[in-house]
Each structure stands twice: as C-alpha cells, then as structure tokens.
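Chemist: Here it is, the structure in full.
The values are calculated or read from the model by the stated rules, or taken from the named source; none is laboratory data. Please read these numbers as outputs of a predicted model, since none were measured by experiment. Methodologically, a virtual Cβ is constructed for each residue, glycine included, from the backbone with ideal geometry; neighbour enumeration extends over all protein chains shown.
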C-alpha cells in the first residue's frame, strides 16, 4: 500500500470524527445544562521499516529503510464542564448552579431499573402529586436521597443553599453533589452523567439560583470557525488521495507502455 494513501485516509477519518462531535454540540446549543464534548488526536506509534526477502538486497539479508509513521488515529473524547451562561425565566422551579456541582436525579430506565444520575439541567416542575421532577418526569432528590414532595397549592421559595420553604417553613433541601475527579464521570444521554468505578463524591461548592437556567456551554461562533477548519483539513487529505491516485494511474497506464 502507498503510505501517503493510508496517511491521508486516517486523516480524513479523524476529521470526520471531529465533525460528528462538533455537529452534536451545535445541535444541543439550546439544550439546558448541556456540556459540550471535545476530541483529541494521536499519532500511530513509529515503526521501523525493513526490507525482508527482497531480491534487491539479497533474499537472506535484512535492510533497514528507516522510521515510518503511518498517520493519525482518533484519540479520546472529553467533556468540557465549564459553566454555561444563565438565562432568566422567573420560574421558581427553574434552577441554575453557580460553581461546581450537580443535581441528583432518581432515574428510571425503560426496564424499570432505578439509579441516581447527575445533571446541571435544572429545568424542574411539579407533577400532579406535588413531586419535584425533571422535564422527563425523573424525581429530584433531597440531601437524604429522597424524593421531594411539595404542596402544589402553596408558593415556594428556594434559597441559594437549596432549601425550599413554603409558608416560612423549611420543607426540603435539594441535593447538590460534586466529585473529586470528573474523569470518573461518563455521559448518559444528553445532560445526565453517571459515576463509574473509582468516583469519589465531595461536598459541592455551588450556589443555587431560582428563576434561572444554565444554558449549554457551546459557543456557536467558535464552533462555526471549527467547522471551516475541519472542512479544509478534510479537503486537503482528499486532494492528497486524488493526487496519488492520478500519479498511480500515470505509472500504470503510461510508464510501462511500449513505444
């Protein structure tokens, strides 16, 4: 195989992966609490090229050609946990966190299995039973890992520490949890995260603001600039392949032609 073909091919694959991640971020630019992903690229390990069983150097001899690097490979994706901008809603149960931390949510999957997920999306509401839930109907948990039930006929006031009051009485306190190392969190869906083995919880250092929502931390202008960069790099690799293909065509159809 022509080395240039393979190198350009891996470059195109890498740019396609970057494009997929970037377009997903753009699709979620209006999603409350969404945290964008980024990509990394890695080079393949250098290899020592050798001539083995080549009649030009003798079938019994081995000749070193040199060090080759066969291109680029897709690295790991990462999540950007930086805080997004706030949008005013004046809805009591719309909550935004300023600082590090996540809301704790009791999540039930389609199989009926229940687990705790974590999110920055604080677009909450009360269901008909008075439970504080997400837009998908998952229950928001208090500091004792219990569902929060309020009186739907009474007004609520939510303080920065997460305490909910009705008629001047503390009814519940919304749980805010943080983690020692976000590398031990993995994305679940668009706005949920779940801890994996090795995750360590810690007290959150965040203030809660009622009547606000934290928007996605995606900057549309920056992503569009990246789109142009990715497109141009993809086209460059594409032109390399076309050039090599033309060269090979000349070598096959013309150089060996008998005059």
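Chemist: How many residues are surrounded by 12 or more Cβ atoms within 10 Å (Cβ to Cβ) and free of Cβ contacts under 8 Å to residues at least 40 places away in the same chain if we restrict to region 202-221?
Modeler: Here the count works out to 2.
So that you can scan it fast, the table gives a plain yes or no per residue for (1) at pLDDT below 95; (2) under 18 Å from residue 187 (Cβ atoms); (3) touching a helix residue (DSSP H, G or I) at 6+ places or on another chain (Cβ under 7 Å):
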residue: 118; (1), (2), (3): no, yes, no
residue: 126; (1), (2), (3): no, no, no
residue: 130; (1), (2), (3): no, no, no
residue: 133; (1), (2), (3): no, no, no
residue: 136; (1), (2), (3): yes, yes, no
residue: 141; (1), (2), (3): no, no, no
residue: 148; (1), (2), (3): no, no, no
residue: 152; (1), (2), (3): yes, no, no
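Chemist: Exactly one of these conditions fails for residue 198: (1) without any contact (Cβ under 8 Å) to a residue 24 or more places away in the chain; (2) at negative phi. Give me its number.
Modeler: With respect to (1) without any contact (Cβ under 8 Å) to a residue 24 or more places away in the chain; (2) at negative phi, residue 198 is out only on (2).
Chemist: Among the residues of region 228-241, are any within 20 Å of the chain's Cα centre (by Cα) and either in a helix (DSSP H, G or I) or assigned by TED's automatic domain parsing to the domain that holds residue 175 (or both)?
Modeler: The first filter runs over region 228-241 and keeps only residues within 20 Å of the chain's Cα centre (by Cα), leaving 229-230.
After this cut, where a residue has to be either in a helix (DSSP H, G or I) or assigned by TED's automatic domain parsing to the domain that holds residue 175 (or both) as well, the list is 229-230.
Yes: region 228-241 contains one or more residues that are within 20 Å of the chain's Cα centre (by Cα) and either in a helix (DSSP H, G or I) or assigned by TED's automatic domain parsing to the domain that holds residue 175 (or both).
Chemist: Any chance you could count how many residues in region 107-141 are touching a residue at least 12 places away in the same chain (Cβ under 8 Å), in contact with a strand residue (DSSP E or B) (Cβ under 7 Å, 6 or more places away or on another chain) and either under 18 Å from residue 95 (Cα atoms) or not assigned by TED's automatic domain parsing to the domain that holds residue 152 (or both)?
Modeler: Final tally of qualifying residues: 18.
Chemist: Out of 164, 196, which single residue is under 15 Å from residue 122 (Cβ atoms) and assigned by TED's automatic domain parsing to the domain that holds residue 102?
Modeler: Numbers: 196 fails: under 15 Å from residue 122 (Cβ atoms).
Answer to the check: 164.
For (1) at pLDDT 90 or above; (2) surrounded by 15 or more Cβ atoms within 10 Å (Cβ to Cβ), each residue gets a yes or a no:
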residue: 11; (1), (2): no, yes
residue: 22; (1), (2): yes, yes
residue: 31; (1), (2): yes, yes
residue: 37; (1), (2): yes, yes
residue: 51; (1), (2): no, no
residue: 61; (1), (2): no, no
residue: 67; (1), (2): no, no
residue: 71; (1), (2): no, yes
